[in-house]
Amino acid sequence: MKKVSALLASLPLITTACGGSSGGGDPAGDFTNTGTLDLSQEKGIWSDTGTQTFTSPSGKDTTFQAPTALVTSEEQMIILTGNSELYIVEAGSDKAYYFSSFSFNTEIESEASSTTNQFTFSYYNPDREANGSVSIPADSHYNNEINIDTYFAGNLWTDTYGPGAWTFTINSGGGFSANGPAGCNATGNFTNIDITKSELAVSLILSGNCSGTYTGLAWPDASDETGTLNIAVYSGLLSSSKALGWKISKP
């Protein structure tokens with residue numbers, strides 16, 4: 001890994017408490033891809049706790065923690081899992097992008113749909129010869145708007161995965177600076193994607209003993225909508241790309 005990954009590898013991806021996904025180990029012939037994804041009807045935050053079991057066509061059972069998915073009003077989907085993994089699906093594509101241990105790994109074929117407030121995501125990773133499926137319910141707090149001026153209001157936020165490791169000073173307009181371990185710092189902005197929804201766009205630049213330009217998403221945690229914010233960002237969809245995540249809370 002590059003230097004930035006070595007410095008930040010201690011950061012868990014943000015859904016450690018309620019995320020996780022695993023593959024079954026079946027050949028490509030067992031997976032039927034539906035073609036390009038239409039995410040226009042899937043907008044929302046979808047999450048679950050506990051575990052789910054996927055039974056592959058060959059009969060193999062794989063048990064994994066339920067993930068969190070965010071389908072934004074820009075129709076880009078990020079699926080986060082709890083083992084330092086990140087899946088990104090872009091609207092109009094039949095490919096998902098898979099990050100592991102904060103380093104880009106491979107593309108995966110994918111399909112997604114929702115019925116009666118249940119979101120289903122299936123994938124096949126040809127490099128790992130693995131497939132899997134998750135089915136997760138909608139979170140109603142997606143429809144709670146965020147007023148950035150009052151939501152942040154100049155508060156100091158800390159990373160709940162490692163108290164004292166990262167601190168974020170966020171002003172009422174959504175701009176922030178952050179201080180992390182080993183002299184790694186960041187500056188950036190939170191902005192509304194849709195003022196009527198609890199979804200935010202994030203951009204940040206690392207500096208000091210680390211470097212990189214990242215973009216991604218942030219949204220309130222269902223367990224503490226006003227005091228805890230999930231953040232997931234990535235540096236691009238190239239072989240050298242990285243993904244980072246935080247769960248920050250007001251003190």
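The values are calculated or read from the model by the stated rules, or taken from the named source; none is laboratory data. The structure displayed is predicted, hence computed values, not measured ones. Here the Cβ positions follow ideal geometry from the backbone for every residue, glycine too, while neighbour counts run over all protein chains shown.
Key figures for this structure:
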item: Meets criteria (at pLDDT below 70, buried (at least 19 other Cβ atoms within 10 Å of the Cβ) and either assigned by TED's automatic domain parsing to the domain that holds Lys43 or farther than 23 Å from Ala243 by Cβ (or both)) for Thr116; result: no
item: Scan of region 56-83 for residues that are at pLDDT 75 or above, buried (at least 20 other Cβ atoms within 10 Å of the Cβ) and not in a loop (DSSP other than H, G, I, E, B), ordered by number; result: Thr68, Ala69, Leu70, Val71, Met77, Ile78, Ile79
item: Condition check for Phe168: among the hydrophobic types (A, V, I, L, M, F, W, C), touching a residue at least 60 places away in the same chain (Cβ under 8 Å) and not assigned by TED's automatic domain parsing to the domain that holds Ala69; result: yes
item: Residue selected from region 128-151 under the condition among the charged types (D, E, K, R) and at pLDDT below 85, by the criterion farthest from Phe176 (Cα to Cα); result: Glu129
item: Number of positions in region 233-251 that are under 13 Å from Thr106 (Cβ atoms) and not aliphatic (A, V, I, L, M); result: 2
item: Among residues of region 214-245, those that are more than 19 Å from Thr191 (Cβ to Cβ) and under 12 Å from the mean Cα position of the chain (by Cα), counted; result: 1
